[in-house]
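Here, each number is a calculation from the coordinates, and none is a lab measurement. Note that the structure is predicted; figures quoted are calculated from it, not measured. Note: ideal-geometry Cβ built from the backbone for every residue, glycine included; neighbour counts use all protein chains shown.
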Amino acid sequence: MDFPILSSLVFFPIIGMVAVMLLPKNAFGAIRWTAVGFSLPPLVISAWLVFDYFVNFAAMGTMAYMEGPFDWIPSLNVQYLMGADGISVPMLALTGLLSTISLIASFGIKERVKEYFAFFLLLEAGMMGVFCALDFFLFYVFWEIMLVPMYFLIGIWGGPRKEYAAIKFFLYTLFGSIFMLVAILVMYFTSEPHSLNMLTLIDHGPTLSHTLQIVCFSFFFVAFAIKVPVWPFHTWLPVAHVVAPTAVSVILAGVLLKMGTYAMLRVNWPMFPEALRTLGFWIAILGVIGIIYGALVSLAQKDLKKLVAYSSVSHMGYCMLALGAFSSVTAIAGCMFQMVSHGLITGALFLLVGVLYDRAHTREIAAFGGLGSKLPIYTGIMVFFSMAALGLPGMSGFVSEFMIFVGAFGALNKVLVGISIIGVVLGAAYMLRMVQHIFLGEFNLARWGDLTDINARELVTVVPLIILTLVIGIYPKPLANLMNGTLEHLVGLMSR
Amino acid sequence: MDFQLPPYDLKMMLPEIFLFLWALVVFTFDLLTNRKKETAIGYLTLVGILITGVLLAFTGYGRGFGNMFFNDPMARFFKIIFLGAAFMAVGSSFGILKQRIRNHRGEYFGLILLSTVGMMFLASSQELLSLYIGLELTTIPLFVLAAFYKDDKLSVEAGIKYFIVGAFSSALLLYGISFLYGMSGTTDIVQMKINLAITHLTFTNIGMTLVIAVVTMLAGIGYKLGLPPFHQWVPDVYEGSPTPVAAFLSIGSKAAGLVAFAKIFVNGLSAFHGPEMLPNDWGQLVALMAILAMVLGNTVAIWQTNIKRMLGYSSIAQAGYIMIGMVTMNVYGLSSVAFYMFAYMFANMGAFAIVTVFEDKTGSTQIASYRGLSKSAPGLSLTLAIFLLSLAGIPPLAGFLAKYYVFAAAVEKANSADSASWLYWLVGVGLITTVFSLYYYANIIKQMYFSREDSPYKIPVSAPAMMVIAICLIGVILFGVWPEPILQFAGDIPASFGFIAR
């Protein structure tokens, strides 16, 4: 049997979790490096997957590295089935990269170190699993497994009102999941022979009656939309982000939100093309509302982290707009680009907010001013990522937004897309306002005189993100080619 | 006509006979040693339960005493649950053994064994009267056990309350059984099924009598299961009883009630369950009780400050989920009920075992006193958190698979016929209340983990309690990840009820 590549992505972190739990409680150094050590194999493997998929499978966009189906619970037709294609591979690589980075960024955690790193590795295992699972039951298990460590990570190591934020996140997501569970069961029992295999069910979906398609589609959509989060399901996001420790915010914004859009592309969209045609336009409208709403709310924020959190709502709105324009491969590719690029840029922004917060113990934008003269390197990086977030050409954010607008303009109502472009202007407004208030202007020497610049460990965490943002921004073609085959296949399924 | 004594196959009954004798041994041992032996009697009880389990494994399927005593997959599956619940209740009683029940150790353990014997008889009986006797043998020792802390007002109150409610519900059940006998002329459940159908076809006016029978029996069993509106005793009895007894009640007594329900309703009255709203149809009535149980149990549990009361309301809610499986009446239904009960046993007994060791040390059952426990007792806190998450149905723990299976059974039925689509509502209520339930289970995790202050308590765990907790932990995780053997076993159950096996 071949080496189980995808399973190893899930099980390395789990072994790491067990290893961390076996270490003595006070061996902080050992715990940290063990955790990072066990996150490296998945990082290397997922990076290799990108390369290997690009060389061998990208042109056809086939599902590759299949493991199984192995019978797991034969009484319920549950199978262990993993596979990856052009949309999972970039997500796996993003997960691997951000997990390692976040673990390194967590070295500042002083309290209950062992439990922290154990939960973090479990979280990584769950995320990896979601992006590989091709059996609905398995998918659901990974989807839910992740909630538990997230609940603990926010609840134990979070800031003020952490209990509220943790339980809100947990309940909100579980509430979404139950809709998914019903839809999964309906799909299972209407298929003949009964199956939980996503690939089989993609063929089964269109044979359902129109009403049932709409119902199943909506149920899946609610579950995934809460994760994205699509307006109006977004209220848990700012609460969770504001209290979560830095590294958890990075994972939350960088990977967890993408699970929602990924799942839509993997499950919802190809499985119910008829429902998609009925509802696609409304989803695009939700996306546009999210873009404008998120941007406007960001504009009014006093708290730096909340600003970045609401900007996520706005940026994920672009993804939803693209998903609304499902008939265009360009738009869907733009959605994938936006997922990757938002993961990189917002991940970096949260890291940088954390860097400042560790030193200043406040995130209030108005408290700062003129930091540019005191913290030149930090300022440079922060301004770089602010520009990336507002979509400056040459960085990945521009590529994705451009592709989404081009694709959506052809496929959707042009007025709607026109309105959404206001979001770009608003994006520039809130980002520039933030940069201006924090880094320009008068420097408060008495208060911030002893701030130190970004240190080497923190630099290690952001430099890979800078490089990738630039590479994708300047030369997006390899990433586009990596996904193109798969996306054409998916769009083909959606237009059945 | 010659009267022939039916062949009685005593071998079929070997585990029950042994356990009964062992209960007497336990009583006597305590007297002979002048109540001096502290833990020996506990270990003696555990050994007896283990031997019974071995005997059960060697007793094959079959029937004895005419058609009155059946060893079918259902009986065997539930006997394992009864023995497991008894084993874990006894194992977690070692703490109170040293302190609170010093003078009556023999009676305490002997009564647990006798109650278990009753449950096992109940699971095997295929006839209404022996079923009723089994149920009585189950509950009468439990009345005494609930009131075992004689000098504790709450415990005495629990005992009295449980006794009155239990006696009343038994009477109701018996009343209903008498109607069934009157209409069918037999107490044999299989024969009754046939006779009732014939009577029903011959005389069109038995509908009303049948309704009375169904309602009174439903009330009787509803009391045992703690299904609303017959649930008021549950939190009080759970709070007042010795904690291991409350645990035993929540699994053993509930499983016994389920078996009785399955035998009388799912088997005996299966003809009177239709998707159409007939006046004599019990399915929707039970569904209504299940909905009430899930909504009421899960919402009221949120407000509890005492962990035993909270677990009491949670057990009301769990009974509601189990009843979803009962009313589906398809091949998945009974298997899902059995598996649910099996998974629930590990999670609930484990949670109660930890509550017991905590109470032994601190004397408190307040949820607030668990604050910061994860720092002073990290292993115990993590284990309790896992049990609670399993109760809430978070994968990959056994509790999730149990809920999945029950909901799958209901969706299968709802999907199979338009007239059964009301089951979707049941599933919907079940799933939404699951989200509610997470709140109060997570509340305890919050107390243990999210508080910045340290807990003053170091919790010592005795070896038997440790064993119980370890078994439950393994069960909750193992049967969540690898449930196939149990599912296979549970899958055999519907066949013995006339549902076509898969």
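Details
- Angle of helix B:40-58 to the longest C-alpha principal axis of chain B, folded into 0 to 90 degrees and rounded to 10: 30°.
- All aspartates and glutamates inside 19 Å of B:K193 as judged from Cα atoms, apart from same-chain residues fewer than 8 positions distant: B:D72, B:E127, B:D281
- Shown for A:M339, A:M66, B:M341: other C-beta atoms within 10 Å of each C-beta, ranked fewest to most, produce the order A:M66, B:M341, A:M339.
- Axis angle, to the nearest 10 degrees, between helix B:331-362 and the longest C-alpha principal axis of chain B: 20 degrees.
- Close amide H contacts of B:S125 (hydrogens built in the peptide plane, cut-off under 5 Å, sequence separation of 5 or more or a different chain): B:F70.
- Residues in region B:449-479 reached by a label modelled at B:K375 [backbone nitrogen below 19 Å; 7 Å Cα→Cβ]: B:449-460
- Cut-off 16 Å (backbone N to label point 7 Å along Cα→Cβ of B:R35), residues of region B:151-173: B:151-152
- Within region B:150-308, the proportion of Cα pairs with more than 19 Å between them is 58 percent.
- Computed E for A:V18/A:V460 - FRET, C-beta separation, R0 35 angstrom, nearest 0.05: 0.85
- A simple spin-label model places the labels of B:W303 and B:K361 3.2 nm from each other, with each point 7 Å out along Cα-to-Cβ.
- Direction-averaged projected area, Cα convex hull, region B:176-217: 2.5 nm², rounded to one decimal.
- Take the Cβ atoms of A:D450 and A:F281, set R0 to 51 Å, and the FRET efficiency comes out at 0.40.
- Across B:K98/B:K403; B:K36/B:K446; A:K168/A:K374; A:K305/B:K375; B:K263/B:K403; B:K161/B:K458, pairs whose alpha-carbon gap is larger than 32 Å: B:K98/B:K403; B:K36/B:K446; A:K168/A:K374; B:K161/B:K458
- The ranking of B:K161, A:K302, A:K114 by Cβ neighbour count inside 10 Å, starting from the fewest, reads A:K302, B:K161, A:K114.
- Dividing the convex hull volume of the alpha carbon atoms of region A:5-494 by its residue count gives 126 Å³ per residue.
- Rg ratio for chain B: its Cα radius of gyration over 2.2 N^0.38 Å, N being its residue count, equals 0.94.
- Cα gyration tensor shape of region B:374-502, rounded if a/c is under 1.5, else prolate or oblate by comparing a/b with b/c: oblate
- Inter-label distance for B:L288 and B:A197, nm, one decimal - labels placed 7 Å from Cα along Cα-to-Cβ: 2.8
- For the pair region A:173-214 and region B:149-176, the centres of their Cα atoms are 47 angstrom apart.
- DSSP loop GluC sites (Glu not before Pro) with at most 16 other Cβ within 10 Å excluded, longest remaining stretch of chain A: A:112-441
- Dipole moment magnitude, nearest 20 debye, region A:5-494 about Cα centre, only Lys, Arg, Asp, Glu C-beta charged: 1180
- For A:180-190, mean number of other protein chain Cβ atoms within 10 Å: 4
- Cβ-based charge dipole, chain B, positive-most Cα from B:A463, B:F248, B:F65: B:A463
- For region A:256-272, putting each phi into the Karplus relation 6.51 cos²θ - 1.76 cosθ + 1.60 with θ = phi - 60° gives couplings of 4, 5, 5, 4, x, 5, 4, 5, 4, 5, 7, 10, 4, 5, x, 7, 10 Hz, in residue order, rounded to whole numbers and with x for Gly and Pro.
- In chain A, the DSSP-assigned H stretches of four residues or longer account for a calculated mean residue ellipticity at 222 nm of -24500 deg cm²/dmol, using -39500 (n - 2.57) per stretch and the full residue count as denominator.
- Between helix B:378-392 and chain B: long-axis angle, C-alpha atoms, 0 to 90°, nearest 10: 20
- Amide N proximity, region A:255-286 versus A:T211 label position 7 Å along Cα-to-Cβ, cut-off under 16 Å: A:275
- Cβ crowding within 10 Å ranks B:D281, A:D358, B:D151 as B:D151, A:D358, B:D281, fewest other Cβ atoms first.
- Amide hydrogen neighbours beyond the local backbone of B:R63, cut-off 5 Å, H modeled: B:N71
- What the Cβ-Cβ distance of A:W33 and B:D152 gives, at R0 = 56 Å and to the nearest 0.05, is a FRET efficiency of 0.55.
- Under conditions of 10 °C and 1.306 mPa s, region B:78-156 yields 120 µm² s⁻¹ as its translational diffusion coefficient, taking Rh as the Kirkwood radius over Cα pairs in the Stokes-Einstein equation.
- Residues whose placed amide H lies under 5 Å from that of A:W72, excluding near-sequence neighbours: A:V78, A:Q79, A:Y80
- Karplus-derived 3J(HN,Hα), 6.51/-1.76/1.60, for each residue of region B:93-98, Hz, glycine and proline x: 8, 5, x, 6, 4, 7
- Cα gyration tensor of the protein assembly as shown - equivalent ellipsoid semi-axes, whole Å, descending: 56, 33, 23
- Based on DSSP H segments of at least four residues, each scored -39500 (n - 2.57), chain B has a per-residue ellipticity at 222 nm of -23500 deg cm²/dmol.
- Relative contact order [Cα under 8 Å, 6+ residues apart], region A:5-494, whole percent: 16
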